[in-house]
Amino acid sequence: MELYQIKHFIAVAETGGFTKGAQRVAISQPAISASIAKLEAELDVKLLDRRRSPVVPTAAGARLLEAGKNILQSCNAVKAELKTIATPNRLRIGVLQSLSSRCVSRLLSSFRRTSVHVAIEVVDGSCEQLVEFLAEQELDTVLTIVGGNDVNFARRILFEEPYLLAVPKDLASRSGKV
């Protein structure tokens, strides 16, 4: 049993005739008749009641019609998935050089878990460079600090980073203040 035979059978069963079925799948009427005859011979069962007009599926044909639609739907879903894998969507992200790699890594890992078919391309740079790349549509999004030069873009605060100053204990104790 071949996929093309299933397509041919479904076309004839749904249109009620060999001529209309052949037109639907863009082949000749003799070719679709031969295809279905070969399928019936392989399965050793009549799939269509040809004595009626329109042509209708037999009990076995009704079962193949139902299963055949599911088979074609599954095949089409797999084809679409493979196409997505072969040509993945791409997200170009600009990341400010001074951002915490731990925060960026967590954010990208979380995105990767929910969007497995998206290829991530990361570009690092200064705030000014990244905003310029975004304006020129060389990047899709930017992870940067909130600044005044990016007011033309929608923005959302994703996380805040605490900063501290570390000094040797003897220096801190001498001055009393940092």
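The values are calculated or read from the model by the stated rules, or taken from the named source; none is laboratory data. If you're wondering where the values come from, they're calculated on a predicted model, not measured in any experiment. Counting neighbours? That spans all protein chains shown, and the Cβs are built from the backbone with ideal geometry, glycine included.
Odds and ends about this structure:
- Consider segment 120-136 and keep the residues that are among the charged types (D, E, K, R) and part of a helix (DSSP H, G or I). The one that is surrounded by the most Cβ atoms within 10 Å (Cβ to Cβ) is 132.
- Pairing each residue of segment 155-174 that is assigned by TED's automatic domain parsing to the domain that holds residue 100 and under 22 Å from residue 127 (Cβ atoms) with any residue that is surrounded by fewer than 10 Cβ atoms within 10 Å (Cβ to Cβ) and acidic (Asp, Glu), provided the two are 6+ apart or on different chains, yields no C-beta distance under 9 Å.
- Within the option set 32, 10, 6, 36, being farther than 19 Å from residue 70 by Cα and modelled with pLDDT of 95 or more holds for one residue only, 32.
- Residue 141 fulfils the conditions (1) within 27 Å of residue 87 (Cβ to Cβ); (2) at pLDDT below 85 except for a single criterion, (2).
- Test: residue in segment 50-64 that is at pLDDT below 90 and touching a His at 6+ places or on another chain (Cβ under 9 Å): no
- Screening segment 15-119 for helices (runs of 4 or more DSSP H) wholly inside it with 3 or more residues that are closer than 30 Å to residue 160 by Cβ and assigned by TED's automatic domain parsing to the domain that holds residue 161 returns the ranges 101-114.
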